[in-house]
Structures are given as C-alpha cells and as structure tokens.
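Heads up, the thing below is written out as structure tokens.
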Amino acid sequence: MEFRITDASGGVDEQTLVISEPRRPNPRNSFTAKRAFDILVASIGLIFIAPLLLTVGLLVRLQDGQSSIFAHKRYGQNGRVFSCYKLRSMVPDADLRLQHLLETDPEAKREWDLTQKLVNDPRVTPLGRFIRATSIDELPQLINVLKGDMSLVGPRPISMSERSRYGENFADYCSVRPGITGLWQVSGRSNTSYPERVRLDTAYAKGRTFWGDIMIILKTVPAVVKSDGAC
C-alpha cells in the first residue's frame, strides 16, 4: 500500500510512504529495543507511582485485613506459567463465591462461559470497582515487566481455564510476552467478545513492531481516562 505525501499547495512530493503487511521483527533489533524500553519505563513508572500503590494497598488491606496483592497464575511467553500481580479488587473468598454463583445463577453462568467476566460481579468490593475502572489494580504488573514475565504491550495474560479458548492460536499467544496493555485494551476491553479478543491477540503476535507498541501505549492513556470497557 502506498501513500504519496503532498505539500500545502496540493502538489505531490517526491517521497512516497510504503506500508507493507505486518512482519515479525528481527529479534536482534526491535526486540532488544522493546525490552530496554520495558525496563526503562517500568522502572521510572514504579518510582513515580510508589506512593499511590502504597496508599491504595493500605486501603485494600484495611477492608478485611487480608493481603492487598493478588497473584494469579497466568500463561506467559513459551507457555511458561508465572504469577501475575494485581491489587486485590475482590473479596478474599472470591473463588468460592464464583463457584456458588455459577451453580445457582444460569444467567451469570452463561455470561461467564461467553466472556470469562461478569459485568455486575458480586465478588468485587466497592473500592475494587474504583481501582478496576481506573486500572490502578494492574499497576503492580510493572513488577512483572521488570522480572521479564510481561511486557508493557502484548496479549492480555490468560489464566489456566482460558487456554482452550485460544485453540491453535495459543502458539501465537505464547510467541511473545503478555502485556499490561495491548490491542484488546485499546479496542473496548470488556465490550469486545472473547473470539475478538483472541483475534486481536493473534494479530498482535504476528504483526508486532516496536513503533506499533508506542502507538498502543499512546492510545491506552485516553482509553483508561474514559474507562472504555472497564469492568
């Protein structure tokens, strides 16, 4: 695909911008830049948000006396399982409550089976709804970025129960580090269907570029401010 650059008078400049189909970057250049960028941004970010994390973490703990950090097992690059960190937004016995809800509420079970999420999730605390809507709950994942479990941009890390939903696309998912943000997050998040999420994750894995990551990060800021698709 070609775009010709025109000047102010409407004339055609000699330069032509050629946009090709997405290609897998060379690991020796863009991936090195990507990892260096991840470490730099995550380090600076953690320094600046430390007071916020400590404050919100204390508020979460004061709710019920339980840990403010929730570590959930997720699939990472090459299929490796890692602990994905989040500020806890749910009640301590969230798993038991979910099991009971799905056994007693057919409508909730149907919604869960389709999206792996509940719009009106009874397990989420009042404070949890706020930190989810503002994405504050995901800030501890900057630690995962520094550890090399995650990247700033990539597919959303999936849980053990979501593995089967990716089918043959799981290999593409595992070819990159999962990200704090990505195509799914800037495309409506919970407003998109699960098959669409898989499609977006697969498209990112196959066509990722360093500058594409920068564009996704820039689009993430207004998406978070507007709480697009947050739940």
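Say whether the condition of being surrounded by 19 or more Cβ atoms within 10 Å (Cβ to Cβ), part of a helix (DSSP H, G or I) and of a type in the set (Gly, Ala, Ser) is met by at least one residue in the stretch 123-142.
The answer is yes, given that some residue of the stretch 123-142 is surrounded by 19 or more Cβ atoms within 10 Å (Cβ to Cβ), part of a helix (DSSP H, G or I) and of a type in the set (Gly, Ala, Ser).
Could you grab the pairs with beta carbons closer than 7 Å, sequence gap of 6+ or different chains, first residue in the stretch 91-117 and without any contact (Cβ under 8 Å) to a residue 40 or more places away in the chain and closer than 13 Å to Ser159 by Cβ, second one in a helix (DSSP H, G or I) and hydrophobic (A, V, I, L, M, F, W, C)?
Cβ pairs passing all conditions: Trp112/Leu102.
Kindly indicate the residue of the stretch 146-181 that is crowded, with 23+ Cβ neighbours inside 10 Å and of a type in the set (A, V, I, L, M) and also farthest from the chain's Cα centre (by Cα) among those meeting that condition.
Here the answer is Val176.
Coordinate-derived values only; no laboratory data. Not measured: the values here are computed from a predicted model. Cβ: placed from backbone, ideal geometry, glycine included. Neighbour counts: every protein chain shown.
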